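These notes are about the structure you will find just below.
The values are calculated or read from the model by the stated rules, or taken from the named source; none is laboratory data. Everything quoted here is computed from the prediction, not taken from an experiment. Here the Cβ is made from the backbone with ideal geometry for all residues, glycine too, and neighbour counts use every protein chain on show.
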Amino acid sequence: TIPVILDVDTGIDDAWAIWSALRSPVLTVLGITTGYGNADVETTTRNTLLITELANADVPVVPGAAKPLWTPWEGPVPDFHGHNGLGDAELPPVFRKPTPGDAAQFIRETVRAHPGHMTIITVARLTNLARALLYDPELAPMIRQLVVMGGAAFCPGNVTPVAEANIWGDPEAAQLVLSAGIPTILVGLDVTHQARLTRDMVEGMRRNDPASQLFYQATRFYLEAYRRISPVFEDWCPIHDALAVFVAEDPGLVQTERYPVAIETTGRLTRGMTVVDSRSGPYPPSPVEVAVGLDEPRFLNAFLSRSGFFPNP
Ligand code: BDR
Ligand code: CA
């Protein structure tokens, strides 16, 4: 199996990512690190603990950054994730406690304990991982694979015309991580906007236990949020974060191209932009593979059946 750390800001699509990772026959989740983003870090940590509890998975949940590396936090995203981060669904009580410590130190220690073996999947701002790399300059070459849900390489952004939320939320951290030389697959909006969960699929979910009820309620909220922003999302929502989990298991789900990638940190209109150098080479070999195409049927089939929430996927 593949040992992974999952870094989250739970978040409705993060909840799907966690659920998928914990039920994976291929991944072994050694820990989940949390941070601010869709909600504050206390809320995302509580939500993460809840999902691990519902999944009956005994995995450390380690809280991390409450704000970006060097800039103030812009605040939560209640329009998309509700005030409780899970679409204002009714939440059952949470009994588990966070693991003491700090996310960046946890990442550091876990990678050092398994040098050359860990995959890190980030589906949130890159602050925790950037802090781990800042603490420990020798860490980057010990990471086997990084899968980042983030960026908009050849497509528009979702927070600004050019910036995707996980990059825009801490561009300095993203630039630090993407320039660290770690073998990386960038799973951005180019492909997550091809990972479409439709309203009909959601209406076909079972809702006969606490987990399926929670996911059903939260995902309906998410569908409505997407519907409000554009007619493009009339009857579906992108399943951003879970796609990164499935790519970590099976990189063949996406078609990738290797490019030098940098993050714009200073532009007045372009801060947080994923700048992909797609001019014809010769390039110095880039450690970053940009996902540009998705086998959507294969992904959806895996995603729907993995969850256990769909009677006839
Ligand atoms: C990303 O932003 C967050 O709101 C989602 O959870 C996802 O990680 C999509 O741009
Ligand atoms: Ca997220």
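Got at least one residue in segment 207-227 being among the basic types (Lys, Arg), within 30 Å of PRO311 (Cα to Cα) and in a helix (DSSP H, G or I)? Can you show your working first?
In the first step, residues of segment 207-227 are kept if they are among the basic types (Lys, Arg); the result is 207, 220, 227.
Filter again for within 30 Å of PRO311 (Cα to Cα), leaving 207, 220, 227.
In the following step, the residues that additionally are in a helix (DSSP H, G or I) were identified as 220, 227.
Scanning segment 207-227 turns up at least one residue that is among the basic types (Lys, Arg), within 30 Å of PRO311 (Cα to Cα) and in a helix (DSSP H, G or I).
May I ask you to list pairs of residues, at least six apart or on different chains, whose Cβ atoms are under 7 Å apart, with the first in segment 209-220 being farther than 16 Å from TRP236 by Cβ and of a type in the set (Phe, Trp, Tyr) and the second being crowded, with 18+ Cβ neighbours inside 10 Å and modelled with pLDDT under 95?
none
Please find, among ILE12, ILE51, the residue that is closer than 23 Å to LEU189 by Cβ and among the hydrophobic types (A, V, I, L, M, F, W, C). Full working, then the answer.
Values: ILE51 fails: closer than 23 Å to LEU189 by Cβ.
Among ILE12, ILE51, only ILE12 is closer than 23 Å to LEU189 by Cβ and among the hydrophobic types (A, V, I, L, M, F, W, C).
Mind counting the residues in segment 70-90 that are of a type outside the set (S, T, N, Q), under 29 Å from LEU189 (Cα atoms) and surrounded by fewer than 17 Cβ atoms within 10 Å (Cβ to Cβ)? Don't jump to the end; show me each part of the working.
Pass one, segment 70-90, residues of a type outside the set (S, T, N, Q): 70, 72-83, 85-90.
From what's left, under 29 Å from LEU189 (Cα atoms): 70, 72-83, 85-89.
Imposing the further condition that a residue be surrounded by fewer than 17 Cβ atoms within 10 Å (Cβ to Cβ) reduces the set to 70, 72, 74-75, 78-79, 83, 88.
Matching residues across segment 70-90 total 8.
Would you please name the residue that is farthest from VAL61 (Cα to Cα), looking only at residues in segment 8-35 that are β-branched (Val, Ile, Thr) and within 13 Å of ligand 2 (Cβ to nearest atom)?
Kept after step one, since they are β-branched (Val, Ile, Thr), are these residues of segment 8-35: 8, 10, 12, 18, 26, 28-29, 32-34.
Of the ones still in play, those that are also within 13 Å of ligand 2 (Cβ to nearest atom) are 8, 10, 12, 18, 32-34.
On the way: VAL8: 10, THR10: 12, ILE12: 17, ILE18: 11, ILE32: 5, THR33: 6, THR34: 7 Å.
Among residues in segment 8-35 that are β-branched (Val, Ile, Thr) and within 13 Å of ligand 2 (Cβ to nearest atom), the one farthest from VAL61 (Cα to Cα) is ILE12.
Looking at segment 138-151, which of the residues that are touching a Pro at 6+ places or on another chain (Cβ under 9 Å) and part of a strand (DSSP E or B) is nearest to ligand 1 (Cβ to nearest atom)?
Quick first cut of segment 138-151, residues touching a Pro at 6+ places or on another chain (Cβ under 9 Å) only: 141-147.
After this cut, where a residue has to be part of a strand (DSSP E or B) as well, the list is 143-147.
Numbers: ILE143: 20, ARG144: 22, GLN145: 19, LEU146: 15, VAL147: 12 Å.
Here the residue is VAL147.
Can you tell which of ALA180, ALA242 is more than 14 Å from ligand 1 (Cβ to nearest atom), at pLDDT 95 or above and either of a type outside the set (Asp, Glu) or buried (at least 21 other Cβ atoms within 10 Å of the Cβ) (or both)? Lay out the reasoning, then the answer.
Numbers: ALA242 fails: more than 14 Å from ligand 1 (Cβ to nearest atom).
After applying the criteria, what remains is ALA180.
Report yes if THR110 is modelled with pLDDT of 95 or more, of a type in the set (S, T, N, Q) and within 16 Å of ligand 1 (Cβ to nearest atom), otherwise no.
Considered against the rule, which asks whether it is modelled with pLDDT of 95 or more, of a type in the set (S, T, N, Q) and within 16 Å of ligand 1 (Cβ to nearest atom), THR110 comes out as no.
Within segment 1-48, how many residues are among the charged types (D, E, K, R), within 14 Å of ligand 1 (Cβ to nearest atom) and not in a strand (DSSP E or B)? Steps first, answer last, please.
Residues of segment 1-48 among the charged types (D, E, K, R): 7, 9, 13-14, 23, 40, 42, 46.
If we keep only those that are within 14 Å of ligand 1 (Cβ to nearest atom) too, we end up with 7, 9, 13-14, 40.
From the residues that got through so far, the ones that are not in a strand (DSSP E or B) too are 9, 13-14, 40.
Looking only at that region, the number is 4.
Any idea which of ARG220, ARG228, ARG206 is more than 21 Å from MET149 (Cβ to Cβ), under 21 Å from the mean Cα position of the chain (by Cα) and of a type in the set (D, E, K, R)? Reasoning before the result, please.
On the way: ARG228 fails: under 21 Å from the mean Cα position of the chain (by Cα); ARG206 fails: under 21 Å from the mean Cα position of the chain (by Cα).
That would be ARG220, the only listed residue that is more than 21 Å from MET149 (Cβ to Cβ), under 21 Å from the mean Cα position of the chain (by Cα) and of a type in the set (D, E, K, R).
Condition (residue is within 15 Å of ligand 1 (Cβ to nearest atom), hydroxyl-bearing (Ser, Thr, Tyr) and out of contact with any strand residue (DSSP E or B) (no Cβ under 8 Å at 6 or more places or on another chain)) applied to segment 56-79: is it met by at least one residue?
no
Only one residue in ALA174, ALA132 is at pLDDT 95 or above and over 21 Å from TYR259 (Cβ atoms). Which one?
On the way: ALA174 fails: over 21 Å from TYR259 (Cβ atoms).
Checking each option against the conditions leaves just ALA132.
What number of residues within segment 152-172 satisfy the criterion of being assigned to a loop (DSSP other than H, G, I, E, B), closer than 25 Å to PHE246 by Cα and away from ligand 2 (no atom under 13 Å from the Cβ)? Steps first, please.
Looking only at segment 152-172, we keep the residues that are assigned to a loop (DSSP other than H, G, I, E, B), and these are 152-162, 164, 169-170.
Keeping just the survivors that are closer than 25 Å to PHE246 by Cα gives 152-159, 164, 169-170.
Subsequent filtering for residues that are away from ligand 2 (no atom under 13 Å from the Cβ) retains 152-157.
Matching residues across segment 152-172 total 6.
Going by what's in this entry, would GLU234 be described as of a type outside the set (S, T, N, Q), at pLDDT 95 or above and surrounded by fewer than 20 Cβ atoms within 10 Å (Cβ to Cβ)? Walk me through how you get there before you give the answer.
Values: of a type outside the set (S, T, N, Q): yes; at pLDDT 95 or above: yes; surrounded by fewer than 20 Cβ atoms within 10 Å (Cβ to Cβ): yes.
Yes, satisfied.
So the check is Cβ under 7 Å with 6+ separation or different chains; which pairs have a first residue in segment 244-266 that's at negative phi and part of a helix (DSSP H, G or I) and a second one that's surrounded by 15 or more Cβ atoms within 10 Å (Cβ to Cβ) and of a type outside the set (A, V, I, L, M, F, W, C)?
Short answer, once both residue conditions are applied: VAL245/SER20; PHE246/SER20; ALA248/THR119; GLU249/SER24; LEU253/ASP295.
Give the residues of segment 100-137 that are surrounded by fewer than 24 Cβ atoms within 10 Å (Cβ to Cβ) and either of a type in the set (Lys, Arg) or out of contact with any helix residue (DSSP H, G or I) (no Cβ under 9 Å at 6 or more places or on another chain) (or both), sorted by residue number.
PRO100, ARG108, GLU109, THR110, ARG112, ALA113, ARG131, PRO137
Mind listing just one residue for me: the one in segment 287-313 that is assigned to a helix (DSSP H, G or I) and among the charged types (D, E, K, R) and, of those, nearest to LEU178 (Cα to Cα)? Can you show your working first?
Step one: filter segment 287-313 for residues assigned to a helix (DSSP H, G or I), giving 296-307.
Restricting the remaining residues to those that are among the charged types (D, E, K, R) gives 296, 298, 306.
Details: GLU296: 26, ARG298: 28, ARG306: 30 Å.
Of everything passing the filter in segment 287-313, GLU296 is nearest to LEU178 (Cα to Cα).
Just give me the residues in segment 138-158 being closer than 24 Å to ASP13 by Cα, touching a residue at least 40 places away in the same chain (Cβ under 8 Å) and surrounded by fewer than 17 Cβ atoms within 10 Å (Cβ to Cβ), in sequence order.
PHE154 - this is the single residue of segment 138-158 that is closer than 24 Å to ASP13 by Cα, touching a residue at least 40 places away in the same chain (Cβ under 8 Å) and surrounded by fewer than 17 Cβ atoms within 10 Å (Cβ to Cβ).
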